[in-house]
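The values are calculated or read from the model by the stated rules, or taken from the named source; none is laboratory data. None of the values given here were measured: they were computed from a predicted structure. In this analysis, Cβ positions are derived from the backbone assuming ideal geometry, glycine residues included, and neighbour counts consider all displayed protein chains.
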Amino acid sequence: MRAALVWSDELLSYDFGYGHPMRSSRCKMGVEELSKIKELEIFPPRYAEEEELLFVHTEDYVISVKEGKAGDLDTPVPPSMYDPARLSAGATLRAVELTLNEGYDIAVNLCGGWHHAFENRARGFCIFNDVALAARYAQKLGAKRVFILDWDEHHGDGTQKIFYNDDTVFTMSIHQHPSTQYPYVSGYESENTKTNFNIPIMPGEREQDILKRVLPQIPLKVRPFKPDFFIVQMGVDGHKDDPMSSIDLGDRFYEEIAKIFARCVKNHNSKVILLGGGGFNFPKTAELWRKIVETFIENMK
């Protein structure tokens, strides 16, 4: 079992500033927790090249980010955020390289999981959609079919939109029901297709019932799709103690979902990258990320 963590303190530059919930210090705490895992080797990130950003994003949008003309009140994008966003995306591309080119079974980028960014728009604290970029890059490196599992509290709307008509990428999102949570306009079961599957969770639903409903669906969706590469957006902002959460997920949820998905990856003799996503309760976010990574390592041996 070979596992890698992509990190350097340069990634702390992906930060929206004082008073904003998306602070890079949460990733630093996560790295401090993950450094306790003896199997993890640390590798520095690289910047995503502009032509790599175009795997997913429009040229006009990339230029608008560079010039500081993208973004909104929730996701401010001054020109100074262009390089931090490229580095964050590049860290995810480095994770793909480590798995597909350099023999690692698992690679982690905590400063990633920016699933709200559209091809031409920054939103939801996300500038470049590294989840989608990873899928496209994996395909360029030889993967044919990519399975994306997103269990962040918020629906992975940007990722869904990018791949909605692409039957080579399966997008599965487990999230708080969008009638009660951002992004509000997507993430409904009515959007499900052959290669897109949403499981919305209503506030008040018991964790035991959620697990019974969610866990069996994962192998049922993975098995017939026959993926040869896996991506996880492992946001933990659905935890009951997270300030963003209105659903009642406990530690057990994240451990059980990581366990079953890790076994799917192993059964397909494949590789997986794990991307941070949401999580705003410190230091609980870091502790949950560590548990998820440890669970993947243990269940892919």
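How do the helices (runs of 4 or more DSSP H) wholly within region 1-73 filter down when requiring 1 or more residues that are of a type outside the set (D, E, K, R) and in contact with a His (Cβ under 8 Å, 6 or more places away or on another chain): which remain?
Passing ranges: none, list empty.
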Notebook entry, point to check: Which condition number in (1) surrounded by 15 or more Cβ atoms within 10 Å (Cβ to Cβ); (2) among the aliphatic types (A, V, I, L, M); (3) outside any loop (DSSP other than H, G, I, E, B) is the one that Leu220 fails?
Noted result: (1)
Check: Which of the following residues is assigned to a helix (DSSP H, G or I), among the polar types (S, T, N, Q) and closer than 24 Å to Ala134 by Cβ: Asn299, Asn269?
Finding: Asn299
Margin query: On the basis of being more than 20 Å from the chain's Cα centre (by Cα) and either at pLDDT 95 or above or buried (at least 19 other Cβ atoms within 10 Å of the Cβ) (or both), does Ser173 make the cut?
Written below: no
Next item on the list: Identify the residue in region 250-269 that is more than 17 Å from Gly113 (Cβ to Cβ) and touching a Phe, Trp or Tyr at 6+ places or on another chain (Cβ under 9 Å) and, among all such residues, is surrounded by the fewest Cβ atoms within 10 Å (Cβ to Cβ).
Entry: Lys259
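Mind listing whichever residues of region 168-190 are under 26 Å from Thr75 (Cα atoms) and either of a type in the set (Phe, Trp, Tyr) or not in a strand (DSSP E or B) (or both)? Don't jump to the end; show me each part of the working.
Of the residues in region 168-190, the ones under 26 Å from Thr75 (Cα atoms) are 171-188.
Hits for region 168-190 are His177, Pro178, Ser179, Thr180, Gln181, Tyr182, Pro183, Tyr184, Val185, Ser186, Gly187, Tyr188.
Go through Phe225, Phe230 for me and flag whichever is closer than 27 Å to Ala95 by Cα, among the aromatic types (Phe, Trp, Tyr) and more than 19 Å from the chain's Cα centre (by Cα). Reasoning before the result, please.
Working: Phe230 fails: more than 19 Å from the chain's Cα centre (by Cα).
Of Phe225, Phe230, the one residue that is closer than 27 Å to Ala95 by Cα, among the aromatic types (Phe, Trp, Tyr) and more than 19 Å from the chain's Cα centre (by Cα) is Phe225.
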